[in-house]
Each structure stands twice: as structure tokens, then as C-alpha cells.
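Taking it in order: structure first as C-alpha cells, then the write-up.
The values are calculated or read from the model by the stated rules, or taken from the named source; none is laboratory data. Fair warning: this is a prediction, and the values are worked out from it, not measured in the lab. Reconstructed Cβ throughout: ideal geometry from the backbone, glycine too, with neighbour counts over all protein chains shown.
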Amino acid sequence: MSQPHHHRPAPLPEAAPPPVPAGPTSLVERRRETPIGPAFARGLWRIAAADVSSGNQVLLLHDGPATFDAMCQAIADARETIVLEAYIFRSDEVGRRIGDALIAAAARGVSVRLLTDWIGMRGIKSSFLASLRKAGIEHRVFSRPGFRAWLGLIPRDHRKLLVIDSAFGITGGVGIGNEWIGKTKRHRGHWRDTAVRIEGPAALDMQQAFDTMWERAHKRERRGSHRLTRRAARGAHLDPATAAPALVGIVEGEPLRLRVARALQMQAISAERSIWIATAYFAPSWSEVEALMGAARDGVDVRILVPSRNDHRWVTFITRRYYRRLLTNGVRIWEWKGTMMHAKTSVVDGRWVRVGSTDFNPLGVAINFELDAVIEDPALGAQAETMFLDDLERSIEITMRSRKVARAHPR
């Protein structure tokens, strides 16, 4: 019996090698061109309970004079409502300028509410406050001393916020005082600071943030389980690649919530190119230090700008105790050569910008009430980077050979 004839299958043609994609070949370059998706908006909600909105117009304000001009113009344009929340509020030249603008607005029939902090307004003249109240301005003081936890001395309302008609607002590190225009006996030259003007949907979030603190100052804050966040996120789906710029999240720092610290750690994880931070009172936790050092060791350009002369001198001593560890791990440090550098800003990869009231120290991150605007917008990021580099031109870089490092770490 004959055996069946088996036909061998013809060999498959050799597969052509996959085409080499044009453009960047390194992993970092490919990551930079990968669509970001809604990670920014989703991350802010998950770590900071901050809603993100799109379609905002954002303007950086450099130093006190520009900020006060913007505030007075905004108050003059108000039609219905003005809310002002200020940690530092004085009855000096700047305070009277802002006060006069508020009085004029109240005379036009605008509803004006003013919230100040008991410690931040120490030394203010009672006659000045009386003139505000006489004009019809509602004024509340946050946390006067009393027989309660910590005698009411902490936490403080350290926020700086102005909102007009729930349509646009200004926030940052600038207080209402002559320090920011250079007219004090104690300081020569004006304080270096940054604020931001936001017009668009984020202004409503700023208004709601003020309303919450307004109720806290009147001791009407809800307690217990009612304080838990139960609602769904708003704006967590927003994609920077398709949403109208700028994307803005308003982060409300509250005692023990560590929201801005977690935001820093999130940015340290996602940063590919740079993390540049300006902070007035730098005494971070070790987790924040490790996040910055880890990013620097991974090739990220990490820079920190702090004042060389602080209005609280003991803070300078504490800040310099961090220098050796940071410098050894690749973090670069500058000290501002002029009068007090009071800004609280950061810019990451030239697209994520933070401007607000939070310093990286236990009071700012974990104890006080703070407010920061976190913005995703490459155009604004480029402006923030330019501003930061201009500040470095007026600063001195600290190296391991600096005597300031040696003095902070005596052998």
C-alpha cells in the first residue's frame, strides 16, 4: 500500500521590520509628546479635593505695586459683590488705599465683605475699621483668642483673596501693607512677591472658598461627618490637549489635610524636565525633601529660591540646615539678594504653575488655612519660568563651598 504524499507548507515570508517612528527616540522625549490626558485634573481632585475648570484667563502679577493696581481696578469695576480675605491687613498707606476703594464701592451699592485674621491685623487702628463699618462694609475677624483648643492661636487664616462679582479674582502671597511697596522703617525696598489674576469659572471656586471661611469666622462651620466630601468631582475629566486653557484648580489648605504637600509630591513624580520653587519660609517635611531629591537624582532640574534676609531671622537658620542634604543630591539653591522675598510659587516643566499663600513648612502645609491656585497652561508656564529666571539674576547661588552651608553644619 503506498504511503500518502505530504506537502510541506511554503515558508511564510519574512516579516518586515516595524517602521522606525520619526521624531524623538529617547524615553523622556517620547513621554513629553505623549498626550497628557486628564491626569492633571483628576490628580488635583484625588489628592487635594480641588475641582478644575477650563476656559480661564490668567495673568501673573509681579510684586505689590502691580497687585494693588489690579486690586483697585477690580474693586472699581465691581457691580454687585466684593469679598476680600487678607491675613496681613494694615491701616497704613496701602491699607487706606484699598479701604478707600472698598468704601467707594459700598457707596455705589456694591455688597462688600471683609475677612481678616486676628494676628495678621494686629496694630490696625480702630478708627480705620470704624470707617469701613460705617460705610456699610461687613467685617469679620477670624479666630480671636479664647478658651478653646490652643487658646485660639492656631490655626490662622493665612489666605490672600479678592473676588469680584464671582467672575474674577486675585490671589497669591501679597498682603495689604506697606512692606510690599517699600515704605517701612524696618525694611529697605519693597518685598518681592507674586500674585495671579484669574477671570473665568475658577473665580466661582474662589468665591465658594471665601464663603466657607466666612462661615468659619462666624463659627457656623459644619462639624462631624457633615464635613466629609461626598459629592462627585467636577472637571476631573478635563484634558489639557482638548480643553480651553487655562485649566485652574483652587486648592484650599486646611489643618492636617497636607493638600499642597501631596500636590508637590504628585508634581515631583510627573516632572520630566524641571521643578522650580520660590518660597519665603522653607522648612519642609522629610517626605517633601525626599520628593525633591529623588526628582533631582533622576535628572530633573530642581531649583529653590529663598530669601537671604528673612523678616523672621530664625527661619533663615532653619532653612540653611537643609542645604547640605539638598545640594548633595543635586538640588540647586539660590538666595534672593534684595529685601524680603515673600513669594510662594512653583513652576513644573514649564506648564504647571502654582501661586498662592502656602509655604513649605509645618504651619503652611499642615496647620493654617491656606489657598493656592494650581494652573495648567504652557503659555503661563513660560511666563512663570521667565519671571523665575529674572529673579535668579537678582540672587546668589549657594554651593557646597558656601560659608552659609558650613555655618549651618559646624563640625
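I'd like to know if the stretch 362-382 contains one or more residues that are under 15 Å from V306 (Cα atoms) and not hydroxyl-bearing (S, T, Y).
No - not one qualifying residue is present in the stretch 362-382.
Counting only residues that are at pLDDT 85 or above and either within 23 Å of T67 (Cβ to Cβ) or of a type outside the set (D, E) (or both), the stretch 212-236 holds 5 of them. In a residue-by-residue description of the stretch 110-118, the property of being aromatic (F, W, Y), surrounded by 11 or more Cβ atoms within 10 Å (Cβ to Cβ) and not in a helix (DSSP H, G or I) applies to at least one position.
Consider the stretch 271-295 and keep the residues that are in contact (Cβ under 8 Å) with a residue 60 or more places away in the chain and in contact with a Gly (Cβ under 8 Å, 6 or more places away or on another chain). The one that is surrounded by the fewest Cβ atoms within 10 Å (Cβ to Cβ) is R273. Only one entry of R403, R354, R411 meets the criterion of being basic (K, R) and at pLDDT 95 or above, and that entry is R354. Is it true that some residue in the stretch 387-409 is surrounded by fewer than 21 Cβ atoms within 10 Å (Cβ to Cβ) and within 16 Å of the chain's Cα centre (by Cα)? Yes, because at least one residue in the stretch 387-409 is surrounded by fewer than 21 Cβ atoms within 10 Å (Cβ to Cβ) and within 16 Å of the chain's Cα centre (by Cα). Of the residues contained in the stretch 141-150, one or more are found to be surrounded by fewer than 18 Cβ atoms within 10 Å (Cβ to Cβ), assigned to a helix (DSSP H, G or I) and among the aromatic types (F, W, Y). Elements of the type strands (runs of 3 or more DSSP E) sitting completely within the stretch 296-411 and holding at least 1 residues that are in contact with a Gly (Cβ under 8 Å, 6 or more places away or on another chain) and within 25 Å of I269 (Cα to Cα): these cover 301-307, 345-348, 352-356, 370-376. Candidates in the stretch 315-351 are the residues that are within 19 Å of the chain's Cα centre (by Cα) and of a type in the set (K, R); of these, the one that is modelled with the highest pLDDT is K344. Looking at the stretch 69-89, is at least one residue of a type in the set (D, E) and crowded, with 22+ Cβ neighbours inside 10 Å? Yes. The sole residue among R354, R313 that is surrounded by fewer than 21 Cβ atoms within 10 Å (Cβ to Cβ) and either in contact (Cβ under 8 Å) with a residue 12 or more places away in the chain or not aromatic (F, W, Y) (or both) is R313.
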